[in-house]
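*Asks:* A single structure is presented below for examination.
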Amino acid sequence: MGQFIFEVEEDQQPLLARSLWPSAYLSGVEGVPWHTLARLEGRRLTVRRDIDDSAKLFLPVPIAGHGISLLSTCSLRPRENPYPLWLELARGSLYNVRNQADQWVRAGMRLHDEFQEILEQATSRFLDASGTHSGSRQTSESLGAIELLETASHRLSDEYATQAIAYRKQRETRLGTLLAAALPAGCGVPTAPQDYAATFNASAVRMAWGDIESDLGRFDFDSTDASVRWAGSQGLRVIGGPLVDFHEKMLPHWVYLLEGQFHQLLDSVGRYVESVVKRYKGQVHIWNPVSGLNTPGPLRLTEEQVMQLASTIVHTIRRQDPQTPVIFSFDQPQGEYLAHQRDGISPIHLADSLARCGLGLAGVSLEVRIGYAGWGMTPRSSLVIGQMLDRWATLGLPLMLQLAVPSDTSHDPLAARPGEIIAGDPGDSAETRQIEVASAILRVALAKPYLHAVVWEGWDDALPHTLPHAGLYDAGGPRPLLQYFRRIREELLN
């Protein structure tokens, strides 16, 4: 068994305890998490995996001025002697920022003087930390370097996005990227329809099985009909789906009676998908049929059954509507759930298998829900998000990004998928954090020519919705992020 021990100074034990250490995981150079066991004892964090091999540690830690952010070490050998945690996280952060900056400079990017100054300061502090024998000074310099490097990573990402978008605009006056907000089933015509139509050039209409066929054999399409009809009347491209949502509380209640009866489940899914596609063929421009099939959910499915379900759903759509593009969604695309699921399915490996098996997928959608504990993605810099997108782009398929960031940390009684929300920096309001995080990721997404659509997963939190506090509207009216979306549409998009 590969064991890695990380240690901090006595006075830094509270900081380590505030980290999301149960979410720590190990991975190889490809970044796919391994099944990991983490244990915190005083000022020592011990992480283990089954194979005795080198690995990187990924750990969400609180960083002054940035809140919780996922950091990683460089590749380390398992050993009995403890590694100094903050020094190794500083080393990993420094490597990531400097390496990415070097790659982009070689590709023609110009680095801003301010970024280079911050990077030089961070490098100097890391060198001081690695060269001292004083534990307290090493900790101080390492944490200082981490704070500077987190700032540098955001500056680097922003500068890349600015220059890449400017380059794209030289080649195409208006970007063809689709921008949409998700309308939950039951929504009908959205709240403030004029704002929606002025902000987005597409509409993502949720057609989830659990909402439409809540009773076996009885379909309620009224609200979905209204949403699709309204979107068409506004000239918006319609992204239909997910049709089947395999997340907790999202399936029809009667489906759980089919536990262990896979072929009956397969028949029921196929019948429902066929009904939806027949009804909306010609009105939907992109089919997004599935959500949450790769992550552990309420139905226990083997990898073979997952592949069968995916194949059945796509073939059913293809029989009824052979022309409309079909994409496939992957939840937690970084694969964090694999750290706690010994037999879990790697999202990017599943995507690769589906792309190779002749289903004719037109693209892949990544469900990136930042700041939701358990079933979401732990916060991380926009630089790291961009690197994840680049990794998925190696599949050679166009990408769609389904994005959500909460604007509040309290309980949301109208959310269909309740869950704990990770608190940000104490000095920022959650609403401020929402626009800071979301705007940085949106800029990176628009800089990527292979990313063809962005769907914000929420519209109005004053009505029943799917994700907690993700809406661009609430009972008090529009949130600040809506204006940012409006500016993107007016300045950049068709």
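The values are calculated or read from the model by the stated rules, or taken from the named source; none is laboratory data. Small disclaimer: the values here were computed from a predicted structure and weren't measured. All Cβ positions, glycine included, derive from the backbone under ideal geometry; neighbour counts span all protein chains shown.
*Asks:* Can you name the residue in the stretch 28-46 that is among the small types (Gly, Ala, Ser) and modelled with pLDDT under 95 and is also nearest to the chain's Cα centre (by Cα) among such residues?
*Replies:* In this case the residue turns out to be GLY31.
*Asks:* Another question about this same structure. Could you say which residue among ALA122, ALA145, ALA161, ALA129 is surrounded by 18 or more Cβ atoms within 10 Å (Cβ to Cβ), in contact with a Pro (Cβ under 9 Å, 6 or more places away or on another chain) and either outside the structural domain of LEU401 (by TED's automatic domain parsing) or without any contact (Cβ under 8 Å) to a residue 60 or more places away in the chain (or both)?
*Replies:* Matching residue, one of ALA122, ALA145, ALA161, ALA129: ALA129.
*Asks:* Every residue in the stretch 4-29 that is touching a helix residue (DSSP H, G or I) at 6+ places or on another chain (Cβ under 9 Å) and within 14 Å of THR73 (Cα to Cα), please.
*Replies:* PHE6, GLU7, ALA24, TYR25, LEU26, SER27
*Asks:* Those residues that are without any contact (Cβ under 8 Å) to a residue 60 or more places away in the chain and assigned to a strand (DSSP E or B), I need them from the stretch 460-486; list them, please.
*Replies:* Of everything in the stretch 460-486, just one residue is without any contact (Cβ under 8 Å) to a residue 60 or more places away in the chain and assigned to a strand (DSSP E or B), namely GLY477.
*Asks:* I need the full set of residues from the stretch 328-343 which are more than 29 Å from PRO398 (Cβ to Cβ) and either within 11 Å of the chain's Cα centre (by Cα) or β-branched (Val, Ile, Thr) (or both), in order please.
*Replies:* none
*Asks:* Yes or no: LEU401 under 15 Å from LEU442 (Cβ atoms) and either at pLDDT 95 or above or of a type in the set (A, V, I, L, M, F, W, C) (or both)?
*Replies:* Against the criterion (under 15 Å from LEU442 (Cβ atoms) and either at pLDDT 95 or above or of a type in the set (A, V, I, L, M, F, W, C) (or both)), LEU401 qualifies.
*Asks:* Something else about it: Quick check on VAL29: is it touching a Ser or Thr at 6+ places or on another chain (Cβ under 8 Å), among the β-branched types (Val, Ile, Thr) and surrounded by fewer than 18 Cβ atoms within 10 Å (Cβ to Cβ)?
*Replies:* Here the answer is yes, as VAL29 does meet what is asked.
*Asks:* Can you say whether GLU420 is surrounded by fewer than 19 Cβ atoms within 10 Å (Cβ to Cβ) and touching a Lys or Arg at 6+ places or on another chain (Cβ under 9 Å), as far as the supplied structure shows?
*Replies:* Here the answer is no, as GLU420 does not meet what is asked.
*Asks:* Test of understanding: among VAL314, VAL306, VAL277, which residue is touching a strand residue (DSSP E or B) at 6+ places or on another chain (Cβ under 6 Å) and either outside any loop (DSSP other than H, G, I, E, B) or at pLDDT 95 or above (or both)?
*Replies:* From the options VAL314, VAL306, VAL277, the qualifying one is VAL314.
*Asks:* How many of the residues making up the stretch 428-459 are farther than 30 Å from GLY396 by Cα, aliphatic (A, V, I, L, M) and touching a residue at least 40 places away in the same chain (Cβ under 8 Å)?
*Replies:* Matching residues across the stretch 428-459 total 1.
*Asks:* Evaluate the stretch 4-25: report whether one residue or more is surrounded by 20 or more Cβ atoms within 10 Å (Cβ to Cβ), β-branched (Val, Ile, Thr) and in contact (Cβ under 8 Å) with a residue 12 or more places away in the chain.
*Replies:* Yes, the stretch 4-25 contains at least one residue that is surrounded by 20 or more Cβ atoms within 10 Å (Cβ to Cβ), β-branched (Val, Ile, Thr) and in contact (Cβ under 8 Å) with a residue 12 or more places away in the chain.
*Asks:* Scan ARG229, ARG237, ARG206, ARG218 and give me the residue that is under 25 Å from THR295 (Cβ atoms) and of a type in the set (Lys, Arg).
*Replies:* ARG206
*Asks:* Within the stretch 74-92, which residues are surrounded by 21 or more Cβ atoms within 10 Å (Cβ to Cβ) and either in contact with an Asp or Glu (Cβ under 7 Å, 6 or more places away or on another chain) or more than 19 Å from LEU143 (Cβ to Cβ) (or both)?
*Replies:* If the condition is that a residue be surrounded by 21 or more Cβ atoms within 10 Å (Cβ to Cβ) and either in contact with an Asp or Glu (Cβ under 7 Å, 6 or more places away or on another chain) or more than 19 Å from LEU143 (Cβ to Cβ) (or both), then LEU85 is the only one that fits.
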